[in-house]
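This report concerns only the one structure given below.
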């Protein structure tokens, strides 16, 4: 498993939107605080968004809590749906012993 350091940057494409970010706090294995900004589109963020991800072990799995700050009204309506979709895909992939490719 790869570990990331505070201050380290990352870049990725999220459904056609370029994301540039930085790790603000890294507390393995339970907490991660990221700051990111959308780039290269009409919907580039005016200010970076902070995303805190907390993982809490439960008796039969892990609860994942994702909290956002610095979102515009439009982003506040969109981000929870986006993250729910991706977290559902991750959960399905972890539950499926032989995940299909290309989904």
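Listed values, structure above:
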{"read-out": "Which numbered condition residue 63 fails, given (1) more than 22 Å from residue 10 (Cβ to Cβ); (2) at pLDDT below 85; (3) not in a helix (DSSP H, G or I)", "value": "(2)"}
{"read-out": "Leading residue by the ranking (nearest to residue 14 (Cα to Cα)) among those in segment 66-80 that are within 11 Å of the chain's Cα centre (by Cα) and surrounded by 13 or more Cβ atoms within 10 Å (Cβ to Cβ)", "value": "79"}
{"read-out": "Matching option when the condition is surrounded by fewer than 11 Cβ atoms within 10 Å (Cβ to Cβ) and at pLDDT below 80, among 7, 102, 93", "value": "102"}
{"read-out": "Residue in segment 39-51 that is part of a loop (DSSP other than H, G, I, E, B) and at pLDDT 80 or above present", "value": "no"}
{"read-out": "Qualifying position, being part of a strand (DSSP E or B), surrounded by 11 or more Cβ atoms within 10 Å (Cβ to Cβ), under 12 Å from the mean Cα position of the chain (by Cα) and modelled with pLDDT under 85, among 36, 83", "value": "36"}
{"read-out": "Those residues of segment 16-29 which are at positive phi and either surrounded by 15 or more Cβ atoms within 10 Å (Cβ to Cβ) or in contact (Cβ under 8 Å) with a residue 60 or more places away in the chain (or both), in sequence order", "value": "none"}
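The values are calculated or read from the model by the stated rules, or taken from the named source; none is laboratory data. What you are looking at is a predicted structure, and each value in this text was computed from that prediction instead of being measured. Virtual Cβ from ideal backbone geometry, glycine too; neighbours counted across all protein chains shown.
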